[in-house]
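Working notes, beginning with the structure itself.
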Amino acid sequence: MTLTFEQQSYHLHSETLLSQGIDYLKAFPELDEYTIDAADGHFIDHACHTEKNSSQKHLYVYDKAVTDFVWWDRQKRHANYMISMLKENSIATLVESIPFDSRHEINTGVEAYSVYENKGIKFNVVDYRDPETGKLHRFVTTLPMTINPGTIAMLYFKRWTIEKTFNNTKSNFKETKAWSSNTRSLENQMRLTAMSYNLMRLFEEISKTQQPELIHPSDKKYSEALEIRQQQAQKRDRFVNPLFFQARISRISSYTIRAVQNAIITGMSLQCFMSSLVARLVSRPQLIGEH
């Protein structure tokens, strides 16, 4: 039963956010036909071999724990694709270069997009050099060549936001221990935690839309930090990738979580509760360093 509730909760959460114009992947319209999941494979036994059932195109953004090329190559037949960081010790042979539009903003930092082969299995590799630090990152994917390489790179960087979710559930929800060693109990714990998190996320995101001229304090802090990074990078003749200025999934503020808990305890009306969240919004900072 909790599985059904969790699925309904997820769809309601997604549909409500979209109805408010909230789309964390708005900058990547080429992925509209994909369902995208991000995960940390180290927390899953044999992460790359976890059963994948999907009736539509599904994209999984994982860490290095999932790069089993043979297994993922078979998954393409079921419209399941992956993005990950290429392991430093990976052995592969360059097959050919893939043409891409280096002038498009989405491909900022991309130095090469190529097909590689390992034991007869072909996959694509993106060489991305961070324009802010100059550090080279290499990403591997089984997505079609038509997907921009910059999209692949930025999706992997966005994968890091799941750590913010882990932080919320551990620090604010106090979910640091398993309820039981029983598999069903663990699944129920996971689903109830996810539903609680989605509800908190929904409240905070909707509160941000009530006064478009204002922003959440956490977003202001992030924007100001980006501005400082931009100014420091420009002193080195570098710049922050402009895609980092796009919509992001931030950590749910502790204030929002406490407000939800207090509203439940005191029986506060939804209108009064939402008004208290809107009252937290602040003026937008005046940024001058955006690329």
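The values are calculated or read from the model by the stated rules, or taken from the named source; none is laboratory data. Just so you know, these numbers come straight off a predicted model, no measurement behind them. Positions of Cβ are generated from backbone atoms using ideal geometry, with glycine treated the same way; all protein chains shown enter the neighbour counts. Each accessible area value is taken on the protein alone, full model and side chains, heavy atoms only, with ligands, DNA and RNA left out. Shrake-Rupley method; radii C 1.70, N 1.55, O 1.52, S 1.80 Å.
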Inset, instruction - Springs between alpha-carbon atoms under 10 Å, Gaussian network over the chain: tell me which of Leu202, Leu31, Leu270 tops the mean-square fluctuations. - result: Leu270
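At 1.4 Å probe radius, can you tell me the per residue accessible area of the chain in Å²?
Here the per-residue accessible area is 56 Å².
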Inset, instruction - Return, for the Cα atoms of the stretch 165-291, the radius of gyration and Dmax in Å, separated by a comma. - result: 18.3, 56
Inset, instruction - Please identify every one of the GluC sites (Glu not before Pro) in the stretch 60-134 that sits in a loop by DSSP and has no more than 10 other beta carbons within 10 Å of its own beta carbon. - result: Glu88
Inset, instruction - Could you tell me the convex hull volume per residue, in Å³, taken over the Cα atoms of the stretch 92-233? - result: 194
Inset, instruction - For the chain, with a Gaussian network of springs between Cα atoms less than 10 Å apart, report the residue from Ser19, Ser207, Ser250 with the top mean-square fluctuation. - result: Ser19
Inset, instruction - For Trp71, Trp179, write out the residues from largest to smallest accessible area, computed with a 1.4 angstrom probe and no ligands counted. - result: Trp179, Trp71
Legend entry - Distant alpha-carbon pairs in the stretch 162-219 (separation over 16 angstrom), percent: 54
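In the stretch 104-169, what percent of the accessible surface is made up of carbon and sulfur (1.4 Å probe, ligands and nucleic acids excluded)?
C and S atoms contribute 53 percent here.
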Legend entry - Overall dimensions of the chain as given by Cα atoms, namely Rg and Dmax in Å: 20.8, 64
Inset, instruction - Under a 10 Å cutoff between Cα atoms, tell me which one of Leu199, Leu86, Leu186 has the largest fluctuation in the Gaussian network model of the chain. - result: Leu186
